[in-house]
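Before any comments, here is the structure.
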Amino acid sequence: MKRALRLAAAALVAAALTALTACQAIPSSGPVREGLTDLSQSEQQVQFNPGGPSPGASQEDIVRGFVRAGSSSTDDYAIARQFLAPGYKDQWEPSLGVFVDEGTQSFQTEEGDVGLLSLSGIATVDQHGTLVPLAPGPRTEMRFELEEVDGQWRISSAPAGVILDKSTFTAIWSPRQLYFLTSDNRLIADTRWFLNRATLSTQIVSELLAGPSESMIGVLRGAFPSGTALTSSSVPVTDGTAHIDLSVELLDADAATMELVKKQLAASLQSVPGVARFELSINGVVVDGAPVGLPDDGSAAAEHPGTIVLDGGVFGEYAGGEVQELAGLGDRIVALGPTAVSLAADHRTAAVLHSAGLTWLSDSEAAQIDVRSGLLAPSIDRFGYVWSYASSGPDEILVTQPGESQELLPVPWLQGHAPVAVRVSKGGTRIAMLVTDGEASAVIVAGIVRDAAGRPTSLGEIATTQLWVAGAPMDLDWIDDTRFAALTRLGGAGGAGKITIGAPGQFSVDSGTVADAVSLAGGGTRAALRVLAGDGRMYAPQGVGWQRQAEGIELIAKTG
């Protein structure tokens, strides 16, 4: 990757690839929440039983057999270790991550008994379970050194971690939602991938203690007092109860902190099959417990009217073939001649982009908050801050609390790219930017750091590219706090609009095409997603395709 942005935004990818290649000596429906309620409610019972090395196997057979054996983690990858030289069996570290490839692997040998396995990488997963997609590009070469042991070829040096094709990976690993806390103690999901095995409860609790993923440090936090650790290597489950024995540092937690600890554990353990509750102890003495599940603490997004459009000079909710004007705001928005509109979650305030700049409206006030050239469609976060990006200020973004303050936040990792869409997630924890990436498009995601009052103070230091997709960039919106939809154009003007659903830490999903699509708006679920074509036709999802819902629509408003 040549440009500075890609180097900065893909920092996690590079780190994961370094570990993997060094030689050793999305629910589609349901209520809107700040994080999906669950990604895998049931244990996948897929098991692989690869064979060990055959007598007289060639170097290629040994390397390919070793890679296939990475599908079985039984007894600490005992089958895979059969392919390793005696002096190397205990040095290989399969726990350092996964390199996920698309399945086509070519092999060649070099002098010195070296085998090179060429792979088309899709993603990497680090030792904490964080998945990062890989950019399309040249194939990755994995180096294997071999030696003869009693007349049989064995591997004396291999990449750390395991190599799995995507179908195998998704059969034996599952995405789980680990929940961490925002500055105002709301739960937000951080997606991790774990092996489907009996130690899942241990893996989840261990990663909760380790804290949020690197890109979300400073954005999210754990509730556990510093230094808290498991006193044993496991979290056993008996009769539906996970027994979590922690070190004495937990005694530093006051009553409020203990409630946050329980809240974090209850939400994160809900996806573990067979776990209905958990029990907390300190050095064997039970101190507390609770059932698993998301708390009813108001973290679900507020209900709001459906699709909001501009149609025939009326701005309001589209339903039953008619538009009902949005009370208090609709006529005033129309009067501005809007080119883009973002509404607060309660639809009581709006940020309106028009020919003279960006104007904020409430039912009783109006303020022009940005007049820079090259403004993109704005966002309004759940705290009421308006985010506006302008191509005339490419390395910063303006954050406005109408009537109170304005601040320019630097975006250092954006150098070299010009976004066509910038959106803040529904929960206000992440910002996503749709940019051109060579002949394709990419979605870059970073965290938003806030103080205890919710005021944005900076963007996360690490931005990761969470989607690469074919086509020229057109539009972007968040569906909920963990999923976004990107619109790209295939071909020239009037070409098909490709809709792709992505999420930090997950694989993207192709969601079909709409002819001449120009914009889209997320609505909390995939079913509420709307796409607008250049001829004014509005489309809604229907099965695996898109159904025309209305004609003559001038624009679709975004929420948030």
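Here is a yes/no grid of residues against (1) in a strand (DSSP E or B); (2) buried (at least 21 other Cβ atoms within 10 Å of the Cβ):
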| site | (1), (2) |
| --- | --- |
| 476 | yes, yes |
| 481 | no, yes |
| 494 | no, no |
| 497 | yes, yes |
| 500 | yes, yes |
| 524 | no, yes |
| 531 | yes, yes |
| 536 | no, no |
| 540 | yes, no |
- Item | Selection from the stretch 392-407 of residues that are modelled with pLDDT under 95, under 26 Å from the mean Cα position of the chain (by Cα) and not acidic (Asp, Glu) | 394
- Does the stretch 384-396 contain any residue that is surrounded by fewer than 17 Cβ atoms within 10 Å (Cβ to Cβ), of a type outside the set (Asp, Glu) and touching a Phe, Trp or Tyr at 6+ places or on another chain (Cβ under 9 Å)? no
- Scanning for something within 21 Å of residue 396 (Cα to Cα), of a type in the set (Asp, Glu) and crowded, with 17+ Cβ neighbours inside 10 Å, does the stretch 457-474 turn up at least one residue? no
- Message: Looking for something over 28 Å from the mean Cα position of the chain (by Cα), at pLDDT below 95 and not assigned by TED's automatic domain parsing to the domain that holds residue 405 - is there at least one such residue anywhere in the stretch 304-312?
- Response: yes
- Apart from one, (1) assigned to a helix (DSSP H, G or I); (2) under 30 Å from residue 70 (Cβ atoms); (3) of a type outside the set (Ser, Thr, Tyr) all hold for residue 262; the odd one out is (2)
- Might you check whether a residue that is outside any strand (DSSP E or B) and farther than 27 Å from residue 523 by Cα occurs anywhere in the stretch 440-455? yes
- Message: Quick check on residue 124: is it crowded, with 18+ Cβ neighbours inside 10 Å, outside the structural domain of residue 502 (by TED's automatic domain parsing) and not aliphatic (A, V, I, L, M)?
- Response: yes
- In the stretch 413-453, the residues that are surrounded by fewer than 21 Cβ atoms within 10 Å (Cβ to Cβ) and polar (S, T, N, Q): 415, 436
- Message: Based on this model, can you work out whether residue 129 counts as buried (at least 20 other Cβ atoms within 10 Å of the Cβ) and either in a loop (DSSP other than H, G, I, E, B) or in the same structural domain as residue 507 (by TED's automatic domain parsing) (or both)?
- Response: yes
- Looking at residue 242, is it in contact with a Pro (Cβ under 6 Å, 6 or more places away or on another chain) and either within 22 Å of residue 446 (Cβ to Cβ) or not assigned by TED's automatic domain parsing to the domain that holds residue 466 (or both)? no
- Task: Please state which one of 294, 280, 269 is in contact with a Lys or Arg (Cβ under 9 Å, 6 or more places away or on another chain), in a loop (DSSP other than H, G, I, E, B) and of a type in the set (A, V, I, L, M, F, W, C).
- Result: 294
- Can you tell me which residue in the stretch 244-280 is farthest from residue 177 (Cα to Cα), limited to those that are polar (S, T, N, Q) and under 24 Å from the mean Cα position of the chain (by Cα)? 264
- Mind checking which pairs have a first residue in the stretch 444-471 that is closer than 24 Å to residue 488 by Cβ and assigned by TED's automatic domain parsing to the domain that holds residue 509 and a second that is assigned to a strand (DSSP E or B) and among the basic types (Lys, Arg), Cβ under 8 Å, 6 or more apart or different chains? 445/430; 446/430; 469/498; 470/498; 471/489; 471/498
- Query: Would you pick out the residues in the stretch 502-512 that are crowded, with 21+ Cβ neighbours inside 10 Å and in a strand (DSSP E or B)?
  - Reply: 502, 511
- Which one of these does residue 465 not meet: (1) under 26 Å from residue 547 (Cβ atoms); (2) out of contact with any Phe, Trp or Tyr (no Cβ under 9 Å at 6 or more places or on another chain)? (1)
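The values are calculated or read from the model by the stated rules, or taken from the named source; none is laboratory data. Since we're looking at a predicted model, the values are computed, not measured. With ideal geometry, Cβ positions are generated from the backbone for all residues, glycine too; neighbour counts draw on all protein chains shown.
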